[in-house]
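See structure below.
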Amino acid sequence: MFSSKKHNVELDDEQKAIESLKTGSAEAFHVLYNKYQQKVYRFCLRMMVDPVQAKDAFQETFIKVYENRKNIKGTNFTAWLFTISRHVCLNMIRSQKNHETFDEIYHGNMKSPDSDVGLKEVLEQAVQSLPVNLKEALILREYEDCSYQEIADILGIDLSLAKVRVHRARLILRKILQPLVKEINES
């Protein structure tokens, strides 16, 4: 019962901060920034891979949040924030001229998973190889713990399509990682 009251107070404080942000309150921006900075940076890092590019996308996200504060739509600030972050990351990805093929990623650069670190790197490479629309849905679901409805809101798609994208991403990852799983099981 205590945690429920605390949760409601936090939601009320967040809603007040959102309303204050709309009028240009720097303090409200600071409150929301502190609450969401880690989640947004993690999302940017998983989308961009390179920490320098992720930091640029992260900073650009919060600049756009402040610039567009009067246009906060709906009741789900988190979805609005991640939508901005998503658009920033997609624009940065589109502007890159680096187009590696699937074969180059998996047959030229794949490291052997001798340790948990190697396994993590292989998994991250596999996630990065996914088409952007599947990758972003998977990242939001598995790494940011968003509900399917939140994913649909962030990506601007139907709920059923959000579920399909996460499912397809998981199927592709399973197929990519199948030889690795077989190798680990044989060890």
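The values are calculated or read from the model by the stated rules, or taken from the named source; none is laboratory data. Note that the structure is a prediction, hence the values are computed from the model and not measured. Please note: Cβ atoms are built from the backbone with ideal geometry, for glycine as well, and neighbour counts cover all protein chains shown.
If the requirement is being more than 26 Å from residue 158 (Cα to Cα), at pLDDT 95 or above, surrounded by fewer than 17 Cβ atoms within 10 Å (Cβ to Cβ) and of a type outside the set (Val, Ile, Thr), which of these qualifies: 59, 96?
59
In this structure, does residue 42 turn out to be at pLDDT 90 or above, under 30 Å from residue 185 (Cα atoms), in contact with a helix residue (DSSP H, G or I) (Cβ under 7 Å, 6 or more places away or on another chain) and assigned to a helix (DSSP H, G or I)?
Answer is no for this residue.
Hey, among 181, 166, which residue is of a type in the set (Val, Ile, Thr) and within 21 Å of residue 86 (Cα to Cα)?
166
Taking region 36-56, which residues are farther than 24 Å from residue 123 by Cβ and surrounded by fewer than 17 Cβ atoms within 10 Å (Cβ to Cβ)?
37, 56
Does residue 160 satisfy the criteria of being surrounded by fewer than 15 Cβ atoms within 10 Å (Cβ to Cβ) and under 20 Å from residue 84 (Cβ atoms)?
In short, no.
Of all residues in region 138-175, which are free of Cβ contacts under 8 Å to residues at least 60 places away in the same chain, in a helix (DSSP H, G or I) and under 19 Å from residue 75 (Cα atoms)?
148, 149, 151, 152, 159
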